[in-house]
Amino acid sequence: MHSKRQESASESLGASAPKMGKQKKWRAGVLGATGIVGQRLVKLLAEHPWFELTEVAASERSSGKTYAEAVRWHLDTPIPAVARDLVVKGLDPSLECDFVFSALDSLVAGAAEEDFARAGYPVVSNSKNHRMDPDVPLLIPEVNAAHLEAIPLQQKSRGYDTGFIVTNPNCSTAGLVLVLKPLADAFGLEKIFVVTLQAISGAGYPGVASMDIQGNVVPFISGEEEKMEAEPQKLLGKWDGSRFVDAGLGMSAHCNRVPVLDGHLECVSIGLKKIASLDEVREALRNFEVDAVLASLPTAVRNPIIVLEEENRPQPRRDVHAGNGMAAVVGRVRECPLLDVKLTLLSHNLVRGAAGAALLNAELLAARGFLKHRVAPSESRLAEPVSR
Ligand code: NAP
C-alpha cells in the first residue's frame with residue numbers, strides 16, 4: 001500500500017513570492033550561451049520580467065567575439081537585441097552578473113561550475129556533472145522544491161560563501177518525473193519501465209550525423225539509460241535534513257534516438273503500490289496543479305500535465321509546444337498486462353528538459369531568497385578608498 005505520502009508542490013514552497021514589480025532585476029550570465037540550450041536561455045532571458053541578460057560565456061573559439069559573430073543561431077526568431085553585441089567571455093569567474101546559468105558541454109561544466117560557485121555565484125546548471133552529488137539539489141520545482149534545503153549544507157561542506165550549485169535533470173527524466181509525481185503522491189510507485197524516442201536536438205549541435213539518423217533509429221544514447229534510472233530516485237526521494245534518500249523505485253530504461261527535431265516521446269509502464277482504476281490515474285494526472293506561489297513564477301504553468309484522449313496523441317510535431325514547452329503531454333492511458341498501467345508522454349527536451357527547467361529553477365531560487373544582487377567588480381573597485 002501507499003506508504004508515506006511524498007512531498008507535494010504546495011507543501012514545499014514556504015513563503016510567498018516576492019513582489020517583483022518593485023524589485024530590481026537580477027543580472028544573469030549564461031555559460032555555454034552559444035550552444036543549443038544556451039541559445040534558448042538567451043532567448044528566454046531577453047523577454048524575462050525578473051532577470052536581465054548581462055553576460056555570455058563560451059569556449060576560446062567564441063570568446064572575444066560579439067555574441068552575434070560567435071553563435072550559429074538555431075531559433076526561428078532573430079537573435080535578441082540585448083544579446084547581439086555582448087562580447088562573449090571565457091570561463092573566468094569574474095562576470096558582471098548576480099548568478100549564472102550553465103549550459104556548458106559536460107567536458108568542462110564540472111570544474112567551471114565549481115569555480116563559479118566558489119567565487120560566490122549561484123550556478124543553475126543543465127549539465128550532468130553535479131546532478132547526483134550528495135549535496136547538490138537536482139530540482140524540478142513542481143516535484144521536489146524542498147530539496148533546496150540542501151543548499152546551506154552544500155555551502156558549508158564545500159566552503160562556498162554566497163555561491164552554490166543547483167541542477168535540473170536530464171531532458172528525458174524531466175518529463176517522466178513530472179508525470180510520475182502525482183501518481184507517486186496518489187498511489188505510490190513500485191516499478192517503472194520506460195522506452196524513449198528522443199529528438200536529435202537532445203544531442204546538442206551538430207549532434208548525430210544526418211547520415212546516421214535520416215530515415216533511421218539509433219538504439220543507443222551514451223549514458224542516457226543510466227541517467228534515467230538514477231535521477232528519478234533522487235527527484236522523487238526526500239531530503240532528510242542531512243542527505244538525499246532515494247525513492248527506491250525499480251527502474252528500467254531503453255533510450256533511442258529518432259529523426260525528430262524537438263520533443264522526447266516516452267512509452268511508460270508503471271507498477272503502483274495501491275490499486276487504482278484508469279479513471280483514477282487520469283484524474284490524478286489531470287488534477288495535478290501547482291500552488292499559487294509556484295504558479296506565480298513567470299515560467300510556471302498551473303497545470304503542468306495535459307492529458308489527451310485521442311488514441312494517436314501525443315505527437316512531437318503537434319504537441320511539443322504545449323504550455324509554452326513547459327507541460328508534459330500524456331496520452332494512451334491504458335492497462336498494462338505486465339505492470340499496472342501504461343501511457344505515452346511527450347515533453348520538450350530543450351524547454352521543459354533544459355532551458356525552461358533552468359529558468360524555472362532560478363525563479364524559484366529568487367522567490368525563496370537565494371539570489372542576491374552582487375556588487376559588480378567594477379563598482380567594488382570604485383568603492384575602494386584611493387591609496388596614496
Ligand atoms: P552544445 O550545443 O554542444 O553547446 C555546448 C556549449 O558549451 C557551447 O556554448 C560551447 O561553446 C560550450 N563549450 C564547449 N567546450 C567548451 C570549453 N572548452 N570551454 C568553454 N565552453 C565550452 O550542447 P547543448 O545541447 O546546448 O548542451 C549543453 C549542456 O546541457 C550539456 O551539458 C548537455 O548535456 C546539457 N543538456 C542538454 C539538453 C538538450 O536537450 N540539448 C538537455 C538537458 C541538458 P562554443 O560554441 O564556443 O564551442
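Going by the structure shown, is Asp98 away from the ligand (no atom under 16 Å from the Cβ), over 26 Å from Ala328 (Cβ atoms) and among the charged types (D, E, K, R)? Before you say what the answer is, go through the steps one by one.
Numbers: away from the ligand (no atom under 16 Å from the Cβ): yes; over 26 Å from Ala328 (Cβ atoms): yes; among the charged types (D, E, K, R): yes.
Yes, satisfied.
Within segment 297-318, which residues are assigned to a loop (DSSP other than H, G, I, E, B) and open to solvent by 60 Å² or more (accessible area, probe 1.4 Å)?
So in segment 297-318, the residues assigned to a loop (DSSP other than H, G, I, E, B) come out as 297-304, 308-315.
Of everything in segment 297-318, those that are assigned to a loop (DSSP other than H, G, I, E, B) and open to solvent by 60 Å² or more (accessible area, probe 1.4 Å) turn out to be Arg302, Asn303, Glu309, Glu310, Glu311, Asn312.
Does any residue of segment 325-334 turn out to be within 21 Å of Gln39 (Cβ to Cβ), of a type outside the set (Asp, Glu), outside the structural domain of Leu95 (by TED's automatic domain parsing) and in a helix (DSSP H, G or I)?
Our first condition is that a residue be within 21 Å of Gln39 (Cβ to Cβ); within segment 325-334, this holds for 325-326.
Restricting the remaining residues to those that are of a type outside the set (Asp, Glu) gives 325-326.
From what is left, the residues that are outside the structural domain of Leu95 (by TED's automatic domain parsing) are 325-326.
If we keep only those that are in a helix (DSSP H, G or I) as well, we get 325.
There is at least one residue in segment 325-334 that is within 21 Å of Gln39 (Cβ to Cβ), of a type outside the set (Asp, Glu), outside the structural domain of Leu95 (by TED's automatic domain parsing) and in a helix (DSSP H, G or I).
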(request) Please tell me if Val37 is in contact (Cβ under 8 Å) with a residue 40 or more places away in the chain, within 13 Å of the ligand (Cβ to nearest atom) and of a type in the set (A, V, I, L, M). (result) yes
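Of the residues that make up segment 254-263, is at least one part of a helix (DSSP H, G or I), open to solvent by 40 Å² or more (accessible area, probe 1.4 Å) and within 26 Å of Thr167 (Cα to Cα)?
Within segment 254-263, the subset part of a helix (DSSP H, G or I) is none.
No - not one qualifying residue is present in segment 254-263.
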(message) Take the residues in segment 36-57 that are open to solvent by less than 50 Å² (accessible area, probe 1.4 Å) and part of a loop (DSSP other than H, G, I, E, B); name whichever of them is nearest to Arg84 (Cα to Cα).
(response) His48
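If only one of Phe244, Phe164 is aromatic (Phe, Trp, Tyr), in contact with a helix residue (DSSP H, G or I) (Cβ under 8 Å, 6 or more places away or on another chain) and open to solvent by less than 20 Å² (accessible area, probe 1.4 Å), which one is it?
Values: Phe244 fails: open to solvent by less than 20 Å² (accessible area, probe 1.4 Å).
Going through Phe244, Phe164 in turn, the sole match is Phe164.
Quick check on Ala33: is it within 12 Å of Phe101 (Cα to Cα), in the same structural domain as Phe99 (by TED's automatic domain parsing), assigned to a loop (DSSP other than H, G, I, E, B) and of a type in the set (Gly, Ala, Ser)? So that I can check it myself, show each step before the final result.
Details: within 12 Å of Phe101 (Cα to Cα): yes; in the same structural domain as Phe99 (by TED's automatic domain parsing): yes; assigned to a loop (DSSP other than H, G, I, E, B): yes; of a type in the set (Gly, Ala, Ser): yes.
It is true that Ala33 is within 12 Å of Phe101 (Cα to Cα), in the same structural domain as Phe99 (by TED's automatic domain parsing), assigned to a loop (DSSP other than H, G, I, E, B) and of a type in the set (Gly, Ala, Ser).
How many residues does segment 58-94 hold that are of a type in the set (A, V, I, L, M), open to solvent by less than 50 Å² (accessible area, probe 1.4 Å), assigned to a loop (DSSP other than H, G, I, E, B) and within 13 Å of the ligand (Cβ to nearest atom)? First the steps, then the outcome.
As a first pass, look at segment 58-94 and keep what is of a type in the set (A, V, I, L, M): 58, 68, 70-71, 75, 79, 81-83, 86-88, 91.
From what's left, open to solvent by less than 50 Å² (accessible area, probe 1.4 Å): 58, 68, 70-71, 75, 79, 83, 86, 88.
Now restrict to residues that are assigned to a loop (DSSP other than H, G, I, E, B): 58, 71, 75, 79, 86, 88.
When the remaining residues are screened for being within 13 Å of the ligand (Cβ to nearest atom), the result is 58, 71, 75, 88.
Matching residues across segment 58-94 total 4.
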(message) Residue pairs, Cβ under 6 Å, 6 or more apart or interchain, first in segment 98-126 and closer than 19 Å to Gly204 by Cα and part of a strand (DSSP E or B), second open to solvent by 10 Å² or more (accessible area, probe 1.4 Å) and more than 10 Å from the ligand (Cβ to nearest atom). List them.
(response) none
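Matching residues to (1) surrounded by 19 or more Cβ atoms within 10 Å (Cβ to Cβ); (2) closer than 30 Å to Gly110 by Cα; (3) assigned by TED's automatic domain parsing to the domain that holds Lys273; (4) modelled with pLDDT of 95 or more:
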site	(1), (2), (3), (4)
Gly159	no, yes, no, yes
Leu176	yes, yes, yes, yes
Phe187	yes, no, yes, yes
Lys191	no, no, yes, yes
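The values are calculated or read from the model by the stated rules, or taken from the named source; none is laboratory data. Please read these numbers as outputs of a predicted model, since none were measured by experiment. Don't worry about glycine lacking a Cβ; one is built from the backbone with ideal geometry, like all the others, and counts go over all protein chains shown. Heavy atoms of the whole protein, side chains included, go into the accessibility calculation; ligands, DNA and RNA do not. Shrake-Rupley method; radii C 1.70, N 1.55, O 1.52, S 1.80 Å.
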